[in-house]
Amino acid sequence: MADMAEGFVRGHGNDPRQTEALAMMVGAQIEPRGIRDERVLQAMRKVPRRLFVPEDLWDAAYEDRPLEIGAGQTISQPYIVAYMTECLGVESSDSVLEIGTGSGYQTAILAELASQVYTVEIIENLARTAKERLEDLGYNNIRFRVDNGRKGWPDEAPFDKIIVTAASDEIPPGLIEQLREGGRMILPVGVASQELIEGEKQHGTFQTHRKIAVRFVPLV
Ligand code: SAH
């Protein structure tokens, strides 16, 4: 689990305006929509979303919508990040695989909650920027890889939890293989219309539940 003093944003001091903006984001967008997991809420109040978007979008960083992060990709809406994280039920001893590093925002939320995060991004520039950003913020429990995430990260498998933040028309079989027995995965599935699928691996098979409708960029 990441080690950080209460309310102190790594390497960025204790900017009261940021703290207030984050508390408002959580209080106005996340809690009222039913997110209850206190660890998830704490992580959402801590990670400075602003630092994960281009500077010209800083004013919009705490709005209830996805934002462009370059290379045609987007940082997910804060509520969706909170929702997916809550569904995963990340525990402090967990090893988590994330496919689609993007800005690294979801990665930071996971790193607050898990023991170790492995994140895979296919666009090298995005991976590099996210890595620099997360290292600047002081996270030391994240490993980065530039690759096609459909393959997962076989050398570090099995994972307790897997999260995919780009949509595919099927659940990549390699990811199911790399999930620990009893482990959980959440991912958007579908092309024209997508929904979040959450599932657990029980007796070697992946048992799925359909959650909410979503809109993610496609998994390459
Ligand atoms: N979780 C991110 C959202 C990223 S958008 C955030 O919080 O910012 C989805 C990301 O998945 C994009 O960065 C895209 O480049 C990446 N992606 C798409 N297909 C991929 C693949 N096959 N393997 C790894 N990453 C992929």
Got a sec? Which of Ala108, Ala82 is within 11 Å of the ligand (Cβ to nearest atom), under 11 Å from the mean Cα position of the chain (by Cα) and part of a helix (DSSP H, G or I)? Ala108
So is Ile186 buried (at least 18 other Cβ atoms within 10 Å of the Cβ), of a type in the set (Val, Ile, Thr) and either within 15 Å of the chain's Cα centre (by Cα) or in a strand (DSSP E or B) (or both) or not? yes
Looking at Ile171, is it in contact with a strand residue (DSSP E or B) (Cβ under 9 Å, 6 or more places away or on another chain), more than 13 Å from the ligand (Cβ to nearest atom) and part of a loop (DSSP other than H, G, I, E, B)? yes
Within the stretch 69-78, considering residues that are buried (at least 19 other Cβ atoms within 10 Å of the Cβ) and either of a type in the set (A, V, I, L, M) or more than 10 Å from the ligand (Cβ to nearest atom) (or both), the one modelled with the lowest pLDDT: Ile69
Cβ-Cβ distance below 6 Å, separation of 6 or more or different chains: which pairs start in the stretch 140-152 with a residue that is near the ligand (Cβ under 9 Å from one of its atoms) and end on one that is outside any strand (DSSP E or B)? Val146/Glu124; Val146/Ala127; Asn148/Ile122; Arg150/Pro172; Lys151/Gly174
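Just to be sure before I move on: is Lys211 in a strand (DSSP E or B), charged (D, E, K, R) and over 25 Å from Val47 (Cβ atoms) in the structure I sent?
no
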Take the conditions modelled with pLDDT of 95 or more and buried (at least 23 other Cβ atoms within 10 Å of the Cβ) and apply them to Ala108. Does it pass? yes
Tell me, yes or no, whether the stretch 153-163 has at least one residue that is of a type in the set (Phe, Trp, Tyr) and out of contact with any helix residue (DSSP H, G or I) (no Cβ under 6 Å at 6 or more places or on another chain). yes
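Restricting to the stretch 124-140, name every residue that is in a loop (DSSP other than H, G, I, E, B) and surrounded by 18 or more Cβ atoms within 10 Å (Cβ to Cβ).
Leu137, Tyr139
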Unmet requirement for Glu55, which otherwise passes all of (1) near the ligand (Cβ under 10 Å from one of its atoms); (2) closer than 30 Å to Arg17 by Cβ; (3) modelled with pLDDT under 95: (1)
Output for Cβ contacts, cut-off 6 Å, separation at least six or different chains, first residue in contact (Cβ under 8 Å) with a residue 60 or more places away in the chain and away from the ligand (no atom under 16 Å from the Cβ) in the stretch 191-220, second part of a strand (DSSP E or B) and not basic (Lys, Arg), reads Glu198/Ile186; Glu198/His209; Lys211/Leu196; Lys211/Glu198; Ile212/Leu196
Here are the criteria: (1) out of contact with any strand residue (DSSP E or B) (no Cβ under 6 Å at 6 or more places or on another chain); (2) buried (at least 23 other Cβ atoms within 10 Å of the Cβ); (3) over 26 Å from Ala28 (Cβ atoms). Tell me which single one Ala82 does not satisfy. (3)
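If we scan the stretch 92-100, do we find a residue that is assigned to a helix (DSSP H, G or I), modelled with pLDDT of 90 or more and closer than 23 Å to Asp136 by Cβ?
No: zero hits.
The values are calculated or read from the model by the stated rules, or taken from the named source; none is laboratory data. None of the values given here were measured: they were computed from a predicted structure. We place every Cβ from the backbone using ideal geometry, glycine too, and count neighbours over all the protein chains shown.
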